[in-house]
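Asker: Before I ask anything, here is the structure I am working with.
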Amino acid sequence: MSGIGVVEACEQAARRRTFAVISHPDAGKSTLTEALALHARVISEAGAVHGKAGRRGVTSDWMAMERERGISVTSAVLQFAYRDTVLNLLDTPGHADFSEDTYRVLSAVDCAVMLLDAAKGLEPQTLKLFDVCRHRRLPVITFINKWDRPGREALELLDEIEQRLGIHPAPVTWPVGNAGELQGLIDRRRPAHLIHFTRTPGGATAAAEHHLPINDIAVDEVPGLGAAVEELALLEGTGANYDQTRFLAGTSTPVFFGAAVSNIGVSLLLNAVVDLAPAPAPRLTRDGGVRKVEASFSGLVFKVQANMDPAHRDRIAFVRVCSGVFERGMILKHAATGRPFATKYAHSIFGQDRATVDRAYPGDIIGLVNAGALRPGDTLYQDEPVVFPPMPTFAPEHFAVIRSKDPSRSKQFRRGIEQLEAEGVVQVLVSNRRGRQAPVLAAVGPMQFDVVLYRLEYELGAPATLEPLPYRLARRTDDAGRELLERVRGVEVLTRNSDGELLAVFPDQWRFNVVRRDLPGLTLESLIAATG
Ligand code: G4P
């Protein structure tokens, strides 16, 4: 890359913060996203921000099924300008059934915001998502939300984080008043002031902040102030202070309190993302080296998705820029095939809308259209070759035979299955016993099957039926294993289409234990658990 290009890539990378919010459904992820959008300037507004209950809303829902169920299956990206930085916020699907997808999204960010409900603390999906962050060694910022209504005690929540996640919580702000009686926040970096917020009706505008010197406040004037000051002294004594090295190593999490719905504590969080979260850094490559941000362009495909908008029936690949400067029109190289990839149609992705993107920098997400050949985990580059490590596939726990309902549409059916497999929607396995006409789908969560059936019928014109199989456990085996296992009742050996791996599937742990005991020496390796 030219000298100017190197400087541009470095400068722009240093301005980027690319992050995701992880939370259990209902903790307030959409509300927080809206509140962040309110405090920052959404770069591509493009009509995708639309009202939810009378408030501005950001939505990534795109399928009728998602809307019906109120879940977000797919991911979108928001880009904000704030202070002199550009923030890329990637949406993660909240439901556990899509944890593979979440893993892929989290492979494209540099930091995560873990959002907790003050009344509930850590919930099952928070734990699972946190595990993915730990696996990726992602720095995590914690935001304890809904402090405007009754909940648990702040110290108790910190204790839960420490005990259950094994990560050291370092509160940066501290609430004055118990949950439900919030009087304001104290920023531990400026402990002499109480930050008092004036709420606006419905949280439609940013809450006004007033900084009141604590020494000027009579102790009984602000309920909870005395207790908060004592707790702060206690925290000082226990060493619960923020430490950048530990945060970046993923062993400590800075903690913020607030109420997204009233915009309380949101600007402190936003500033923390800018000030604490890391900018894009050199990225590890498959051969154990690193790709520096100022190297020539490289990008990681972390998600492939079709039909985000029924008006554009094509396939779009979400690419995280890892190094260099992306310019629309560049001819890239697809590392997996060695083929050129034209980028005439590059977009920024914002909810359902797309805007053409002409230039993008490390940390940014671009959407490449007509991406039929691209798979999640693929690398694209220009000039200096590079390959990023592949995305892991997770241990499936649900299996079903899929068949076309209409024999005259078997071609569409076959193509549809191939496409959904390529997008990473589901794993496709073939069994000697059943043949290629009746492939076996394997998923981490059963909702993935619903997506397959829905998309086959409404998008790909190939209605299908599923026959669930009674397996819940998969282990990797080899040819010798297959020979032996094919004679065992209740066990089946399937070949994964994408990589030819042989998977032995069992109805439960008990059956698996029996087989292992009766056939010692058989290759039966664990696959990566989706999460937790
Ligand atoms: P999610 O995306 O994580 O699933 O959560 P979402 O933002 O949809 O929020 C879930 C519910 O929690 C919503 O209430 C929302 O208003 C509420 N909420 C979010 N942040 C706060 C907060 O800081 N304080 C309080 N008290 N509530 C909060 P809902 O009744 O389900 O929907 P709505 O009618 O309010 O939109």
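Asker: Write down, largest first, the equivalent ellipsoid semi-axes of the chain in whole Å, where each equals the square root of 5 times an eigenvalue of the alpha-carbon gyration tensor.
Answerer: They are 42, 28, 22 Å, listed from largest to smallest.
Asker: When the helix-only estimate is applied to the chain (DSSP H runs of n ≥ 4, each -39,500 (n - 2.57), divided by the residue count), what is the mean residue ellipticity at 222 nm, nearest 500 deg cm²/dmol? Don't skip to the answer; put the middle values down first.
Answerer: Details: 13 runs with 131 residues, N = 532.
Only helices count here, giving -7000 deg cm²/dmol.
Asker: Considering only region 74-179, what is the antiparallel percent among its DSSP beta bridges, to the nearest 5?
Answerer: 55
Asker: Considering Cα pairs under 8 angstrom that are at least six residues apart, work out the relative contact order of the chain and quote it in whole percent.
Answerer: 14
Asker: Also: Can you order the peptides 220-227, 459-466 by their average number of other Cβ atoms within 10 Å per residue, highest first?
Answerer: Peptide ranking by packing, descending: 459-466, 220-227.
Asker: Follow-up. With axes computed from alpha carbons, what is the tilt in degrees of helix 410-423 against the longest principal axis of the chain, rounded to the nearest 10 within 0 to 90?
Answerer: Its long axis makes an angle of about 40 degrees.
Asker: Sort 13-26, 404-417 by the packing proxy (mean of other Cβ within 10 Å over each peptide's residues), most packed first.
Answerer: So the peptides 13-26, 404-417, ranked by packing, come out 13-26, 404-417.
Asker: Sorted by average packing, counted as other Cβ atoms within 10 angstrom per residue and highest first, what order do 516-522, 294-300 take?
Answerer: 294-300, 516-522
Asker: Compute the acute angle (0 to 90°) between the alpha-carbon long axis of helix 447-458 and the principal axis of greatest extent of the alpha-carbon atoms of the chain; round to the nearest 10°.
Answerer: 70
Asker: On the Cα set of region 398-518, report Rg and Dmax in Å, please.
Answerer: Taking only Cα atoms of region 398-518, I get Rg and Dmax of 14.7, 47 Å.
Asker: Counting only C-alpha contacts under 8 Å and six or more residues apart, can you give the relative contact order of region 398-518 as a whole percent?
Answerer: 29
Asker: Ignoring any ligand, DNA or RNA, what whole percent of the accessible area of region 398-518 comes from carbon and sulfur when the probe is 1.4 angstrom?
Answerer: 47
Asker: With axes computed from alpha carbons, what is the tilt in degrees of helix 3-15 against the longest principal axis of the chain, rounded to the nearest 10 within 0 to 90?
Answerer: 70
The values are calculated or read from the model by the stated rules, or taken from the named source; none is laboratory data. If you're wondering where the values come from, they're calculated on a predicted model, not measured in any experiment. FYI the Cβ positions are ideal-geometry reconstructions off the backbone, even for glycines, and counts take in every protein chain you see. Remember, those area values only see protein heavy atoms, side chains included, never the ligands or the DNA or RNA. Shrake-Rupley method; radii C 1.70, N 1.55, O 1.52, S 1.80 Å.
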